[in-house]
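See structure below.
The values are calculated or read from the model by the stated rules, or taken from the named source; none is laboratory data. Quick caveat, the model's predicted, so the values are computed rather than measured. Because the Cβ atoms are built from the backbone with ideal geometry, glycine has one as well, and the counts that use them run over all protein chains shown. Side chains included, ligands, DNA and RNA excluded: accessible areas come from the protein's heavy atoms. Shrake-Rupley method; radii C 1.70, N 1.55, O 1.52, S 1.80 Å.
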Amino acid sequence: MIYLTMKLLHIFSVLIYGGFLFTDNLILMRMQKTLSKNRYEEVRAYFKDFTKVIVPKALVVAVISGLYLVHTAFGPINDTGLSNFQIVLTIKALLGLWLGTRGILQVFFGIQPLVFKSHKLPFLLVILIVLLSQVMWSV
């Protein structure tokens, strides 16, 4: 029951974080081309006020639940080394930890993002992580 609860928490928190990135990259950035500068800044500020309440918390939940899920699903390392599943899971976990660390440092401690300053790379990494989460069960 704990595994199922953590998995559901993880899925919903990733949906919130991924949805934020989707909206920011595919909707708000496109609005910048059609709205006046003042109107765009007003929309962006409203979006920021709304998302800063829930998105950082969802990111923390995604990291914590993800760590639990990795710990539970990783399994033992065989004499031959890591399985393909374990390799893909490790890559996925490292990408998720990097995104989580970056977000937590920025939002809760005011430390500027590591390596990137826009949401384009995190958006692409979330897409990659979702793809890896599906591929890892088939390799």
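A compact table of results
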item: Average accessible area per residue (Å²) across the chain - probe 1.4 Å, nucleic acids and ligands excluded; result: 66 Å²
item: Cα-based shape type of region 16-56, given that a ≥ b ≥ c are square roots of the gyration tensor eigenvalues and the cut on a/c is 1.5; result: oblate
item: HN-Hα J in Hz across region 43-48 - Karplus 6.51, -1.76, 1.60, θ = phi - 60°, x for Gly and Pro; result: 5, 4, 5, 4, 4, 4
item: Selected from Leu35, Leu15, Leu59 as most flexible by GNM, with the chain as the system and alpha-carbon contacts under 10 Å; result: Leu35
item: Region 18-51 and region 67-139: distance between their alpha carbon centers, rounded to Å; result: 27 Å
item: Neighbourhood charge, 15 Å Cβ-Cβ cut-off, centred on Ala73 and excluding it, Lys, Arg +1 and Asp, Glu -1; result: +2
item: Cross-link pairs Lys7/Lys57; Lys33/Lys92; Lys48/Lys92; Lys92/Lys120; Lys52/Lys117; Lys57/Lys117 - those with Cα-Cα distance over 22 Å; result: Lys33/Lys92; Lys48/Lys92
item: Cβ-derived FRET efficiency at R0 22 Å, Val130 paired with Asn78, nearest 0.05; result: 0.20
item: Label assignment, Cα extents along the principal axes in Å derived from the structure, set (i) 41, 34, 28; (ii) 61, 27, 26; (iii) 60, 36, 24; result: (ii)
item: Accessible area of the chain belonging to carbon and sulfur atoms, whole % at 1.4 Å probe; result: 71 percent
